[in-house]
Amino acid sequence: MSTTKTSPRLSKQPDERHDEIVAATRQLFAERGVAKVSVTEIAKRVGVTRGLIYHYFPDRDALIDLIFEDHIAEFVEAVSRWDADREPGNVSKALLDCVVLFRHHLHAKDMFREDLGHPENAGLYNRFVDRAVRAIVERLRVTTVEAYARAHHIEIDHVGEVFYVLVYGLIGLVRSSPDVDDEVLVAIVRQTLHLDMGTPPEPAL
């Protein structure tokens, strides 16, 4: 009868080991760039085998996706705070505040996002932006859009799709023309969504 010895690499709690792997991956991505970091290097940084990395994550892309989610959650939370702090009925101020928030996060200095902007990471960048835009649009749909609809008639069809095209287009515009004026961005949003800029009789966007 044989006895099974417990590997010291498995002695930590699963959640703790999982978090260690994610933290090491984030550090390596910041230090060397996403494209240059392998699963072997991540395992070496954590002090475990490659097999243990795959015990927690099916592949390298799963780790990348998890780090995507952290960055996206930060932006979605900022959108939620903007929505909660809006002045009811003041559409102009809400739009300007939203554009300022959008620009701040787009230009935030972050090694991971800066690295995604390099040509060799174009595929990863597009995947990140697509997921980020979908998450932001979904949050807007269940908060701001519903509040606006309670006091205004929505003049556009296919609301989710229009918001997706709008946000994606704004990202492209600001990246290619960083000096574009905030008022121009506000006008684009107002015109695309056909927003009613009047003060409604009850609280709304």
Taking the condition of being surrounded by 11 or more Cβ atoms within 10 Å (Cβ to Cβ), at pLDDT below 90, part of a helix (DSSP H, G or I) and over 24 Å from the mean Cα position of the chain (by Cα), how many residues in segment 1-54 meet it? 2
Give the number of residues within segment 171-186 that are open to solvent by less than 20 Å² (accessible area, probe 1.4 Å) and at pLDDT 95 or above. 2
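Checking the conditions here, which among Glu138, Glu155 is at pLDDT below 95, surrounded by fewer than 18 Cβ atoms within 10 Å (Cβ to Cβ) and more than 16 Å from Phe29 (Cα to Cα)? Please lay out each step first, then the result.
Details: Glu138 fails: at pLDDT below 95.
Only one candidate qualifies: Glu155.
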Do any residues in segment 107-129 that are without any contact (Cβ under 8 Å) to a residue 40 or more places away in the chain have Cβ atoms under 7 Å from those of residues that are aliphatic (A, V, I, L, M), where the two are at least six apart or on different chains, and which pairs are they? Tyr125/Leu116
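The values are calculated or read from the model by the stated rules, or taken from the named source; none is laboratory data. Quick caveat: nothing in here was measured; it's all calculated off a predicted structure. Cβ sites come from the backbone with ideal geometry, for glycine too, and all protein chains shown count toward neighbours. The accessibility values were calculated without ligands, DNA or RNA, using every heavy atom of the protein model including side chains. Shrake-Rupley method; radii C 1.70, N 1.55, O 1.52, S 1.80 Å.
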